[in-house]
Amino acid sequence: MNSGFVAVALPIALGVIMFGLGLALTPADFTRVARQPKVVLIALVCQMVILPLVAFGLVTVLELAPLAAIGLMLLAAAPGGATANLFSHLFRGDVALNVSLTAVNSIISVVTVPLITNAAIDHFGPDDGPGSLGVQFGKAVQVFAMVLIPVAIGMTVRALRPGFADRMDRSVRIASALLLVFVVLGAVLSNSSDITGDLPRIGAAAALLCAISLTVGYWLPRLLGVADRQAVACSMEIGIHNSAIAITIAISILDSTEIAVPAAVYAVFMSPFAAAFGWLISRRLRMNADNPQQNYDVRYDRSGTRSDRT
């Protein structure tokens, strides 16, 4: 599969993915953000500030090659993926919050992704070609037009034909997943000789970023007083990235399969990691619910004798 085919097929796959997201969105998903600003702000800080810092630490410690380092930073800056809604539903998260975060984050990332990626290129870019890489704002807008226009079309379809949108939702999700897998595998295999040597470290970095993203996405909101269902939603939103956007920018704008590899590898890890993390959190919550002692208030009478009450 040559790079020309990938350059054409990848935007199509991204368009199908984002059209599927639009089928699940309504204007209320955007206005809902104003009703719960605290949790939205926490999630956005995790996504746009903490994760790029974590990614920077990982590429520095693991000493990734320059293009792989740029790719991991690009991935960390990418917004959450629509699959987060599914995992949030499976593990009793606030799915409406997931939908709202995905919608808002996808719009904000039109600005943040080019900024973070260009900063990574300035820092990690190869010395032999500093002018050969860069996400010019105009080109970034072209990519995100591929994101926002299909979302707008999907939302329009839902507004005009909600029944049709519901029937199409599952089919579009399956088609988008298959398209993405097909294009990503083709992109990686066509340049496998260029990435084999650094693949173990890229895999380690992607796996660690995924695990840290899920963990930070759950526990930081919980420590800041966010309810458990919303914390689960934040975890899935922050841990499951829209790797299609990162891969599209890497191949279509930066013209580099090597930069796309971390996002492709991350796509392999994120679903099983999200499932495992969700299971662990659900198991902890079930254990607490099944153990009445965990729900007792511990009190002491005047003699100092402990008494447990529900």
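The values are calculated or read from the model by the stated rules, or taken from the named source; none is laboratory data. Fair warning: this is a prediction, and the values are worked out from it, not measured in the lab. Positions of Cβ are backbone-derived with ideal geometry, glycine not excepted, and every protein chain shown enters the neighbour counts. Keep in mind that these areas ignore ligands, DNA and RNA; they rest on the heavy atoms of the full protein, side chains included. Shrake-Rupley method; radii C 1.70, N 1.55, O 1.52, S 1.80 Å.
Annotations
- Long-range HN-HN contacts of H241 with modeled amide H, under 5 Å: G81
- Ligands, DNA and RNA excluded, the heavy atoms of T156 present near 70 Å² of accessible surface to a 1.4 Å solvent probe.
- Modelled FRET efficiency - R0 30 Å, L280 with T31, Cβ distances, 0.05 increments: 0.35
- Computed extension gain for I149 through I108, at 0.36 nm per residue and net of the alpha carbon distance, reaches 13.3 nm.
- Ligands, DNA and RNA aside, V45 has an accessible area near 60 Å² when probed at 1.4 Å.
- Distance between the pseudo-spin-label points of K139 and A175 (7 Å out from Cα toward the beta carbon): 3.0 nm.
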